[in-house]
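To keep things clear, I will list the structure first and then write my remarks on it.
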Amino acid sequence: MDKVRVGVFLSVFVFVALLEVIRPHRKRALPRWHRWYSNFGIIGLGQLTVRLLLPVTAVSAAFFVQENQWGLFHWLSLPFWINVLLTVLILDFAIYWQHRFFHSIPLLWSLHKMHHQDLDLDVTSGARFHPIEIFLSALIKIGIVALIGANPVAVVIFEVLLNATAMFNHGNFLLPKRFDKWLRKFLVTPEMHKVHHSTDWKELNTNFGFNLPWWDYFFKTYKFLPTETLTKMQLGITSFREPQYSHLHWLLLIPFVKYKEPNPENLSVSTETQT
């Protein structure tokens, strides 16, 4: 299973990186080498933190609950394919709400804002999270897997999809408009997710989905386009736009740096929608 995950990760990474060269969308604010050094560094530290502090993974937890017949799905004796489908949907639904909580709870936002500090978006941005946030996310995922009694195959499928779509929808490439409009009915697209990385707090609190856009549609957190065009829209966090904050050591320190928060009213989720 690890070989499958690594193979898909590398394939999608190369594919999206090539699209960014062939069909770039936005001009870079910082050189690629500057960001990639920091982004890969923080990704590596996040993975190291989880491996050192957590004795189990979501997949190993799924094997454990399967062997011990724990969790809701085992009590219901669901067929394999229903278990897989429901597991992917439930985990994606949980990620949507986790994402919203990391925006609305100040302590969690202090961690998550590092992800939003990125002045550019590209294939590396999808995994660029603070190590503490990565650790908390892993705990939440393991808890849900144990609660529902997820099948290990379903967990692997979800993790592969999550990694692949995160790289895809953070990519700095442009899809044809008609294709983008059709695709975002089923999948979060790069143009859809870019709105979420706006410095405008009302836009930043929309389009929370990673894989499926349906949760944003249903809970009215969907925004079709930003107020400005996607190429002119400013990315990042207003208080951390200096290039120095993109260095690796600053990415680790940003959650602990005091800065002037915006009006709390603007932190609530916007319900404005566009079509």
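The values are calculated or read from the model by the stated rules, or taken from the named source; none is laboratory data. Worth saying up front: this structure is predicted, and the values here are computed from it rather than measured. Neighbour counts are summed over all protein chains in view; Cβ atoms, including those assigned to glycine, are modelled from backbone coordinates with ideal geometry.
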Per-region count, the stretch 115-140, residues farther than 22 Å from PHE256 by Cβ, touching a residue at least 60 places away in the same chain (Cβ under 8 Å) and out of contact with any strand residue (DSSP E or B) (no Cβ under 8 Å at 6 or more places or on another chain): 3
The stretch 209-222 - residue that is assigned to a loop (DSSP other than H, G, I, E, B) and out of contact with any Asp or Glu (no Cβ under 6 Å at 6 or more places or on another chain) and, of those, nearest to ASP118 (Cα to Cα): PHE210
Residue within the stretch 135-148 that is farther than 22 Å from TRP81 by Cα, part of a helix (DSSP H, G or I) and within 12 Å of the chain's Cα centre (by Cα) present: yes
Those residues of the stretch 171-190 which are out of contact with any Pro (no Cβ under 7 Å at 6 or more places or on another chain), buried (at least 19 other Cβ atoms within 10 Å of the Cβ) and in contact (Cβ under 8 Å) with a residue 40 or more places away in the chain, in sequence order: PRO190
Given (1) assigned to a loop (DSSP other than H, G, I, E, B); (2) under 25 Å from the mean Cα position of the chain (by Cα); (3) in contact (Cβ under 8 Å) with a residue 24 or more places away in the chain, index of the condition ILE43 fails: (1)
Unique match (being at pLDDT 90 or above and either in a helix (DSSP H, G or I) or farther than 27 Å from LEU91 by Cα (or both)) among GLU203, GLU228: GLU203
Single match in ARG26, ARG51 (criterion: in a loop (DSSP other than H, G, I, E, B) and either within 14 Å of PHE158 (Cα to Cα) or within 22 Å of the chain's Cα centre (by Cα) (or both)): ARG26
Residue in the stretch 100-127 that is nearest to LYS27 (Cα to Cα), counting only those that are crowded, with 23+ Cβ neighbours inside 10 Å and among the small types (Gly, Ala, Ser): SER125
Positions within the stretch 194-246 being without any contact (Cβ under 8 Å) to a residue 40 or more places away in the chain and within 23 Å of ARG23 (Cα to Cα), in sequence order: VAL195, HIS196, SER198, PRO226, GLU228, THR229, LYS232, MET233, GLN234
Sole exception among (1) of a type outside the set (Val, Ile, Thr); (2) crowded, with 21+ Cβ neighbours inside 10 Å; (3) more than 21 Å from LEU78 (Cα to Cα); (4) out of contact with any Asp or Glu (no Cβ under 8 Å at 6 or more places or on another chain) for ALA150, by number: (3)
